[in-house]
Amino acid sequence: MFEQLLEKARAGDLTPESALGILEGSRRPENALKLFAVASELRDEHIGRELWWTSAIEGVTPCRLDPKCSYCTYANHDILSEELLLKALGALEHLGFRHVHLSGGTNLDGYDKEIVAMVEAMRSVSGIDIEVNLGPSITRETVRKLKGLNVCSITSSLETFNEELFRAAKPGDSLEKRKNLLEICEAEGMPTRSMMLVGLGESDADRVRLLFYLKRLKGFQTLRLSRFFPFPSTEFRDRPRCSPWELARTVAVARLVMPDIQIGLAAGNSNDDIPLWLIAGGGNQLLGAAASRGKGHGQPGARVTPVADGVSITDRMEVQERYIREMGLSITKTPAV
């Protein structure tokens with residue numbers, strides 16, 4: 001039965017019911033290996049195998065949600081100044097990046113003026129490809145302005161499609177506003193990205209519903225998956241850590257549902273998750289470096305370089321290149337567009 005479901009999925013005949021059957025059946029390793037093979041074939045067929053670098057400038061805006069999310073340790077801070085923003089951008093470009101996403105905290109009252117000013121400042125010195133991720137903090141007018149500034153895409157991270165779980169995890173946020181931003185972008189012809197938080201407490205059916213919602217958006221380009229981590233200082237500290245196996249199975253089914261999109265790794269993952277992600281049909285974007293406040297992210301093999309005034313670049317490219325080279329693959333310095 002599992003093989004029959006996979007054959008239909010490989011042929012493009014995939015329903016929510018059959019996707020759920022595949023996801024549930026893939027708990028068994030012998031089935032998962034078959035799923036990973038089909039998912040990888042679809043990835044290779046639709047977007048190829050050559051990986052490419054992206055970068056990030058993180059924490060550009062403070063989080064204004066009240067109450068805070070139950071799983072998050074995001075620190076409050078001031079809006080990143082134009083001076084520091086451009087210094088971070090220059091440092092990333094010096095490393096060879098031609099693609100960057102700006103990420104920051106959410107403000108349900110809006111960060112319209114702030115994000116437009118940031119992108120305008122970047123456009124005054126650079127033609128780098130820019131993606132924006134501030135949650136549901138922007139209006140339709142701002143979507144139009146960002147499109148006019150040649151922003152590549154806008155992210156609205158749904159995280160979970162289980163409304164009760166969303167309210168428990170994100171009591172100060174709004175799933176409807178996050179969905180509405182995706183719908184606005186769809187109507188305005190602005191490409192979109194989203195994120196799924198795997199292991200938060202959702203069911204397999206919840207994951208499949210989220211995937212099929214995103215599938216119907218013609219402008220949807222990138223799905224990033226985060227592996228839940230129970231930070232000790234949060235309300236969700238006693239919930240179990242999401243295993244790499246749960247993430248990999250979900251990556252593979254996401255590839256069956258949407259063969260031609262980018263499927264990347266988000267927060268909660270590390271470089272060590274890359275091999276299983278690739279085997280499961282993930283690709284082709286790798287986060288090679290990120291500019292962030294503080295001392296940077298101390299992952300093994302990462303090089304942290306101060307930029308200015310408490311902003312540092314965490315460069316993971318060397319260890320990622322070694323992992324990818326050991327798998328017989330390669331990474332390009334620029335997006336494959």
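So which residues in segment 139-156 are under 16 Å from Gly110 (Cα atoms) and either among the small types (Gly, Ala, Ser) or in a loop (DSSP other than H, G, I, E, B) (or both), if there are any at all? Outline the logic, then answer.
So the first thing to find is which residues in segment 139-156 are under 16 Å from Gly110 (Cα atoms), and the list is 139-146, 154-156.
Residues satisfying the conditions are Thr139, Ser156.
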Could you tell me whether Leu14 is modelled with pLDDT of 95 or more, over 20 Å from the mean Cα position of the chain (by Cα) and not in a helix (DSSP H, G or I)? yes
Could you name every one of the strands (runs of 3 or more DSSP E) located completely within segment 221-321 that has at least 1 residues being acidic (Asp, Glu) and modelled with pLDDT of 95 or more? 311-315
Can you name the number of the only condition in (1) surrounded by fewer than 21 Cβ atoms within 10 Å (Cβ to Cβ); (2) under 25 Å from Ala91 (Cα atoms); (3) of a type in the set (D, E, K, R) that Glu163 fails? (2)
Residue ID - surrounded by the fewest Cβ atoms within 10 Å (Cβ to Cβ), chosen from residues in segment 112-134 that are within 20 Å of the chain's Cα centre (by Cα) and assigned to a loop (DSSP other than H, G, I, E, B): Ile128
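Does Tyr74 satisfy the criteria of being crowded, with 19+ Cβ neighbours inside 10 Å and either out of contact with any strand residue (DSSP E or B) (no Cβ under 7 Å at 6 or more places or on another chain) or within 24 Å of Val251 (Cβ to Cβ) (or both)? Steps first, please.
Working: crowded, with 19+ Cβ neighbours inside 10 Å: no; either out of contact with any strand residue (DSSP E or B) (no Cβ under 7 Å at 6 or more places or on another chain) or within 24 Å of Val251 (Cβ to Cβ) (or both): yes.
So Tyr74 fails the test.
With respect to Asp315, determine if the residue is crowded, with 18+ Cβ neighbours inside 10 Å, of a type outside the set (S, T, N, Q) and either touching a residue at least 24 places away in the same chain (Cβ under 8 Å) or touching a Gly at 6+ places or on another chain (Cβ under 9 Å) (or both). Please lay out each step first, then the result.
Working: crowded, with 18+ Cβ neighbours inside 10 Å: yes; of a type outside the set (S, T, N, Q): yes; either touching a residue at least 24 places away in the same chain (Cβ under 8 Å) or touching a Gly at 6+ places or on another chain (Cβ under 9 Å) (or both): yes.
Yes; evaluated as a whole, the condition is true for this residue.
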Within the bounds of segment 88-96, is there any residue that is surrounded by 15 or more Cβ atoms within 10 Å (Cβ to Cβ) and not in a helix (DSSP H, G or I)? yes
Looking for something on the phi > 0 side of the Ramachandran plot, in contact (Cβ under 8 Å) with a residue 24 or more places away in the chain, outside any strand (DSSP E or B) and surrounded by fewer than 13 Cβ atoms within 10 Å (Cβ to Cβ) - is there at least one such residue anywhere in segment 46-63? yes
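The values are calculated or read from the model by the stated rules, or taken from the named source; none is laboratory data. Just so it is clear, the structure is predicted and the values come from calculations on it, not from any experiment. Methodologically, a virtual Cβ is constructed for each residue, glycine included, from the backbone with ideal geometry; neighbour enumeration extends over all protein chains shown.
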